[in-house]
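In what follows, a structure is listed as structure tokens, so that the remarks can point back to it.
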Amino acid sequence: MKLIQSENQIASSLKNCQVLIVGAGLSGAVLAERAASAGLRVVVLEQRAHVAGNCHDHRDEHGVMVHAYGPHIFHSNRSHVVEYLSGFTDWTPYTHRVLADIDGQKVPVPFNLTSLRACFAPDQAEAMEQELLERYAWDQAVPITDLMDSDSARLQLLGDFIFTKVFRHYTLKQWGIAADQLSPEVLKRVPVVLSHDDRYFRDRFQQMPAQGYTAMVENLLSHPNIQVALGQEASRWIALDETQGEILVRQRPFNGQLVYTGPLDALFGCRLGALKYRSLQFHFEHRPDFPFQATGTVNYPNHESMTRITEFRHLTGQADVSGTTIVREYPQDYDPDDPGRNIPYYPLMNPESRTLYERYRVLAQRFEQLIVCGRLGDFRYYNMDDAVSRSLELAESLAWAPSDVEAVS
Ligand code: FAD
Ligand code: UDP
């Protein structure tokens, strides 16, 4: 990966570049790679001191591979995404399993038939299971709201139980608002599963990049046409002239394309109002003995402030260390002016946010050279494979395919 550091170097690279990318997360890295492979000169500006965005991983001071911005498990049903990323990483098998602490016992989440047996008396569990399987297919994934809205009193009772024990408080902590104020998409991510399948994700492909996400993103960014500048907040170099619909780089009109993967409201100085995000606090702890817990993640839906604990060695399969590192997650409000809570981890998916976002989208559309994408740019609850898929689609629509563009000499 070609890093550029000095002000002069960055200024001169910006002068010559054809594609300028803000953000070295997965979305930006995939577009950088596609543009570079199409023969274009690319500069990536990243405000952090490292690449890979929120899936950045590194070894901590004890040698344990950890995910700095929360646990990341790769899963996908999109073979084109897996095939593409496989050009930049090897994979190591991992199936994520999650237990939830419910009334002191640990039961599988998504709530499944094993969880049902653990939480109800045998007769009641039997009757519930029978009724579920009369109405739904074996192994079907049913949204929790379908059970809560059921015309069967027994299934309603089950739905209400799961909602109360697993979703209600967790969701309040995670989002700062009640579940019914959120887009239904959010809760649908964790359905009720009508079998004993205890995998957290049901995608066909579930593996982790063998050398980690940072190594994979570095490989994406290692094309000779790409230059990466770390520690560079984009607004130091880029401005938008809204009256002319023109992008300015170093105060001069820019002729290339600008890919922006940061928060869209920030690009416009939040002038229509601030979009809502949720932030997180991570408490890492190193312990002498592995394992600390039975599965990669244990959720604590009814803990006062914490949502979950993840133990990284389960995820990575790392065997060359003796100790273990865990991380506890504490959701919190996002505040761009407070360094302890200024990372916009999650776009807050509710109708007001979406409406405001659409207004920013209209502003962005005035700039022909501007391409907005990524979890923050698109304001969507993207998994990693969604982000990669979106970038690949964009690259295709921009004809950033190697055969279409003349190579840079
Ligand atoms: P980001 O990773 O956010 O990258 C954007 C980059 O742009 C950042 O590096 C940022 O510093 C930079 N940037 C922003 N603004 C500017 C600016 N003005 N100037 C310069 N640089 C800027 N997905 C999964 O598939 N599986 C998981 O298990 C999973 N777990 C997750 C857990 C957590 C806690 C979170 C928050 C997300 C999780 N995700 C998971 C989602 C995953 O992180 C995203 O899908 C993916 O990282 C999106 O990549 P991105 O490039 O769009 O955004
Ligand atoms: N959720 C919950 N209880 C759980 C797990 C998830 O209430 O034990 C809800 C919560 O609202 C969460 C959403 O389901 O934000 C999506 O969960 P997921 O595990 O996909 O969240 P992520 O890993 O993206 O934070």
For Glu246, list long-range residues whose amide hydrogen, built 1.01 Å from N in the peptide plane, is under 5 Å from its own amide hydrogen. Asp241
Choice from Gly159, Gly269, Gly212 showing the highest fluctuation, given a GNM over the chain with Cα pairs closer than 10 Å: Gly269
For segment 241-255, in order, what is each residue's ³J(HN,Hα) by Karplus, 6.51 cos²θ - 1.76 cosθ + 1.60 with θ = phi - 60°, in whole Hz (x at glycine and Pro)? 9, 5, 5, 9, x, 10, 9, 10, 10, 6, 6, 10, x, 9, 8
How large is ³J(HN,Hα) for each residue in segment 229-237, as worked out from phi by the Karplus curve 6.51 cos²θ - 1.76 cosθ + 1.60 (θ = phi - 60°), to whole Hz, x for Gly and Pro? 10, 8, x, 10, 5, 4, 5, 5, 10
At 1.4 Å probe size, with the rest of the protein present, what percent of the exposed accessible area of segment 15-166 is carbon and sulfur atoms? 47 percent
So how do 33-45, 314-326, 250-262 stack up, highest first, on mean other-Cβ count within 10 Å? 33-45, 250-262, 314-326
Can you bin every Cα-Cα distance in segment 160-318 into 5 Å intervals starting at zero and give me the percent of pairs per bin, rounded to whole numbers? 1, 6, 9, 12, 13, 14, 14, 12, 9, 6, 3, 1, 0
Can you give me the convex hull volume of the Cα atoms of segment 24-132, divided per residue and expressed in Å³? 182 Å³
Interchain or sequence-distant (5+) residues whose placed amide H lies within less than 5 Å of the amide H of Asp139 are Leu194, Ser195
Quick one: which of 383-389, 98-104, 2-8 comes out on top by average Cβ neighbours within 10 Å, and what's the full order, highest first? 383-389, 98-104, 2-8
For the chain, accessible area per residue (1.4 Å probe, heavy atoms of protein chains only), Å²: 45 Å²
Report, to one decimal in Å, the Kirkwood hydrodynamic radius for segment 81-121 based on all distinct Cα pairs. 12.8 Å
Which log10 I(q)/I(0) values, to two decimals, does the chain give at q = 0.12 Å⁻¹ under the Debye formula with one point per Cα? -1.02
Rounded to the nearest 10 Å², the accessible area of Glu396 using a 1.4 Å probe with every protein chain kept is 150 Å²
I'd like the Karplus ³J(HN,Hα) series for segment 279-291: coefficients 6.51, -1.76, 1.60, θ = phi - 60°, whole numbers in Hz, and an x wherever there's a Gly or Pro. 10, 9, 10, 10, 10, 8, 9, 9, 10, x, 10, 9, x
Under a crude label model (7 Å from the Cα following the beta-carbon direction), how far is Glu7 from Asp338 in nanometres? 3.4 nm
Tell me, what is the percent relative contact order of segment 39-174, built from C-alpha pairs under 8 Å that lie six or more residues apart? 10 percent
Using Cα-Cα distances under 8 Å and only pairs 6 or more residues apart, what relative contact order does the chain have, in percent? 27 percent
Spatial separation of Cα centroids for segment 148-189 and segment 283-300, in angstrom: 27 Å
Amide H to amide H under 5 Å from Val22: which residues, 5+ apart in sequence or cross-chain, H placed 1.01 Å off N in plane? Leu45, Val259, Tyr260, Thr261
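The values are calculated or read from the model by the stated rules, or taken from the named source; none is laboratory data. What you see is a predicted model; the values in this text were computed from it and never measured. Because the Cβ atoms are built from the backbone with ideal geometry, glycine has one as well, and the counts that use them run over all protein chains shown. Areas reflect the complete protein model, heavy atoms only, side chains present, ligands, DNA and RNA absent. Shrake-Rupley method; radii C 1.70, N 1.55, O 1.52, S 1.80 Å.
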